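Below: the structure, in structure tokens.
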Amino acid sequence: MKRIAFLLTFFLACMMAQAQSARSVLDATAARMTQSGCIRSQFKATQFRGTTPESEASGTMLVSGRKFHMQTSDIISWFDGKTLWSMMPGSGEVNISEPTDDELVGMNPSTFIHLYKKGYNYSLRTSTLRGKPTYEVRLRAKSKKASFSDILVDVEQSTYNPLCIRARQNGNWVRLSILSFQVNQPASDADFTFPNKDYPDVEVIDLR
């Protein structure tokens, strides 16, 4: 009985140490992103039906804390930290909404800074992605009511730059692959709000 109790205690201690180590990787990654000023990146976003790729888009993103400006061939988005403007080129309209952090996970890699600190258990393993040694942190939701049941964050070991974020919702995955990462880029608040003067004929649809 004492041996079983010892083994259980040892197992729990190992699990707690792994969780702490996984959390420290996420903390270091969050610090890297918040201390790097405005970040410009190239990305590829993939939506899956189960594990089968369903749609894909590549583009560029400018990120400053919670704010971002994203552009692909299919959509242009501006987010000022609260309000999101989304426009499909050629559609003649822009939609306005106020998304939650859960809804932003597949769009903005900095979102997990505000998401991972509550409601998830952590695990950690080392791996390789695109030829770079990485930490792979897996977040599993504690509640079945969480918007995402699983989130995986791949972090480059040498820089703590995020390389890939995957999130699962209702059995389906979305993947955001970050292909380039430039820090301390010039930007102003105007870069993260919809430029009305540049689109005078676009119909504004307020979904808030």
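The values are calculated or read from the model by the stated rules, or taken from the named source; none is laboratory data. Predicted, not measured: the structure shown is a model, and the values here were computed from it. Positions of Cβ are backbone-derived with ideal geometry, glycine not excepted, and every protein chain shown enters the neighbour counts.
Descriptive notes on the structure:
- Selected residue (only one of 112, 181, 194, 148 is buried (at least 16 other Cβ atoms within 10 Å of the Cβ), of a type in the set (A, V, I, L, M, F, W, C), in contact with a strand residue (DSSP E or B) (Cβ under 8 Å, 6 or more places away or on another chain) and at pLDDT 90 or above): 194
- Scanning region 170-207 for residues that are more than 26 Å from residue 32 (Cβ to Cβ), assigned to a strand (DSSP E or B) and touching a helix residue (DSSP H, G or I) at 6+ places or on another chain (Cβ under 9 Å) yields one hit, 204.
- Filtered by the rule that a residue be under 28 Å from residue 40 (Cβ atoms) and surrounded by 10 or more Cβ atoms within 10 Å (Cβ to Cβ), region 197-206 gives 199, 202, 204.
- The number of residues in region 151-168 being within 16 Å of residue 24 (Cβ to Cβ), of a type outside the set (D, E, K, R), surrounded by 19 or more Cβ atoms within 10 Å (Cβ to Cβ) and free of Cβ contacts under 8 Å to residues at least 40 places away in the same chain comes to 0.
- For region 60-109, a tally of residues being β-branched (Val, Ile, Thr), assigned to a loop (DSSP other than H, G, I, E, B) and either at pLDDT 85 or above or surrounded by fewer than 19 Cβ atoms within 10 Å (Cβ to Cβ) (or both) returns 3.
- Output for region 122-145, where each listed residue is modelled with pLDDT under 90 and in contact with a helix residue (DSSP H, G or I) (Cβ under 7 Å, 6 or more places away or on another chain): 122
- Against the criterion of being modelled with pLDDT of 85 or more, of a type outside the set (A, V, I, L, M), under 20 Å from residue 168 (Cα atoms) and surrounded by 20 or more Cβ atoms within 10 Å (Cβ to Cβ), residue 43 qualifies.
- Qualifying residue in region 146-158 (condition: under 20 Å from the mean Cα position of the chain (by Cα), among the aliphatic types (A, V, I, L, M), farther than 20 Å from residue 43 by Cα and in a strand (DSSP E or B)): no
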